[in-house]
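Working notes for the structure below.
The values are calculated or read from the model by the stated rules, or taken from the named source; none is laboratory data. Note that the coordinates shown come from a computational prediction; the quantities given were computed from them, not determined experimentally. All Cβ positions, glycine included, derive from the backbone under ideal geometry; neighbour counts span all protein chains shown.
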Amino acid sequence: MTAVRALAFGDLETGVWGAAWMPDAVAAPSIALGTGSGAAVVSATVDGSDVETEWRLRAPGADLVVSPAGEPVREGGAQDGLDQLCRLSGHLELDGEAHSVDCLGWQAARRLAVEPDRLESFRQVSAWFEPGEGVALLALRPHKARGQDSDVIAAAVLEPDLAGTISDPRLSTTYRDDGNPTRAGIELWIVEEGGDGAEPNGAAEPEQAGGREYPRRAAGEALGPQADWELNGFHLHAELFRWHSRGRDGAGMYVLARRR
């Protein structure tokens with residue numbers, strides 16, 4: 001199975017963001033970097049290989065330290081991987097303008113359940129909310145799939161002290177005329193063994209089966225600018241998203257990859 005590392009970070013206030021999809025076989029991975037006024041894709045070097053320890057990413061105009069900001073969480077679904085909130089610090093320069101970076105992000109290390117040569121597309125969605133909560137979802141679409149019902153999906157809820165497993169993760173996306181995402185929604189059901197069916201804040205869902213499930217939902221919209229690049233036969237597209245969940249706003253990324 002193909003091993004991949006993924007990284008995303010972003011800040012709504014400054015508009016600074018970045019995203020990377022890094023198969024182990026790629027010696028010099030590409031990273032998309034953006035601000036409120038533009039975006040670019042550059043080759044990077046990575047020092048460090050463990051998502052549970054600090055590592056460093058260097059690229060032309062960028063020097064970033066990635067530090068763990070929470071415990072790693074094993075994904076729920078058909079993938080084999082770990083997701084973790086992280087904090088990015090450092091600087092980047094884009095279009096001659098320097099920007100400091102100090103924000104939350106998300107990182108993951110996984111082995112894909114579908115080999116890349118059998119993939120038609122994939123969607124990597126992540127969102128994070130201060131001071132330290134987030135969600136992430138990866139949907140793989142095999143060749144000749146008839147739509148999202150055939151997607152192979154894994155997801156993670158990144159919250160302190162969350163007890164339970166994810167059931168039936170779902171991703172819905174609205175696309176612009178150019179085929180790129182403009183809005184998205186995530187729905188994850190948490191199966192809490194032995195629980196009373198209520199969310200930690202006391203809100204219960206009437207449709208819960210056996211009183212042991214509660215949802216995590218998030219909805220988001222693209223903020224632009226966009227970044228596009230080619231990798232191993234795929235065209236990748238990344239955009240900063242503003243996400244909404246349980247009355248809070250947070251940053252996140254939507255990465256869409258389609259076979260060329």
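Filtered by the rule that a residue be of a type in the set (D, E, K, R), farther than 22 Å from V26 by Cα and either in contact with a Lys or Arg (Cβ under 7 Å, 6 or more places away or on another chain) or not in a loop (DSSP other than H, G, I, E, B) (or both), region 44-74 gives a lone residue, R74.
Checking each residue of region 86-97 against the condition of being hydrophobic (A, V, I, L, M, F, W, C) and within 25 Å of L188 (Cα to Cα) gives at least one match.
Rundown of residues vs (1) farther than 28 Å from P116 by Cα; (2) within 19 Å of the chain's Cα centre (by Cα); (3) in contact (Cβ under 8 Å) with a residue 60 or more places away in the chain, yes/no style:
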{"site": "R217", "(1), (2), (3)": "yes, yes, no"}
{"site": "G233", "(1), (2), (3)": "no, no, yes"}
{"site": "F241", "(1), (2), (3)": "no, yes, yes"}
{"site": "V255", "(1), (2), (3)": "no, yes, yes"}
{"site": "R259", "(1), (2), (3)": "no, no, yes"}
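Quick one: is V101 touching a residue at least 24 places away in the same chain (Cβ under 8 Å), buried (at least 16 other Cβ atoms within 10 Å of the Cβ) and closer than 23 Å to V4 by Cα? In short, no. Taken over region 17-43, the residue count meeting the criterion of being closer than 18 Å to V66 by Cβ and not in a strand (DSSP E or B) is 4. Could you tell me which of the residues T182, T174 is without any contact (Cβ under 8 Å) to a residue 24 or more places away in the chain and either surrounded by fewer than 21 Cβ atoms within 10 Å (Cβ to Cβ) or touching a Pro at 6+ places or on another chain (Cβ under 9 Å) (or both)? Only one candidate qualifies: T174. Of the residues making up region 36-56, those that are under 15 Å from G10 (Cβ atoms) and at pLDDT below 95 number 3.
For S126, the requirement of being small (G, A, S) and surrounded by fewer than 24 Cβ atoms within 10 Å (Cβ to Cβ) is not met. Of the strands (runs of 3 or more DSSP E) entirely within region 181-260, those holding at least 2 residues that are modelled with pLDDT under 90 occupy 213-231.
For region 129-138, a residue qualifies if it is surrounded by 24 or more Cβ atoms within 10 Å (Cβ to Cβ) and out of contact with any Phe, Trp or Tyr (no Cβ under 7 Å at 6 or more places or on another chain), and the qualifying residues are V135, L137. Test Q84 against the stated conditions and say whether it is assigned to a strand (DSSP E or B), under 22 Å from L223 (Cα atoms) and either in contact (Cβ under 8 Å) with a residue 12 or more places away in the chain or among the small types (G, A, S) (or both). Answer is no for this residue.
Of the residues screened, E52 is one that is under 21 Å from P160 (Cβ atoms) and surrounded by fewer than 16 Cβ atoms within 10 Å (Cβ to Cβ).
Among the residues of region 139-150, those that are in contact (Cβ under 8 Å) with a residue 24 or more places away in the chain and in contact with a Phe, Trp or Tyr (Cβ under 9 Å, 6 or more places away or on another chain) comprise A139, L140. I'd like the full set of residues that are in a strand (DSSP E or B), in contact with a helix residue (DSSP H, G or I) (Cβ under 9 Å, 6 or more places away or on another chain) and more than 17 Å from I166 (Cβ to Cβ), limited to region 123-151. Selection gives R141, P142. If you check A6, A39 for being crowded, with 19+ Cβ neighbours inside 10 Å, under 16 Å from the mean Cα position of the chain (by Cα) and among the aliphatic types (A, V, I, L, M), only one passes: A6.
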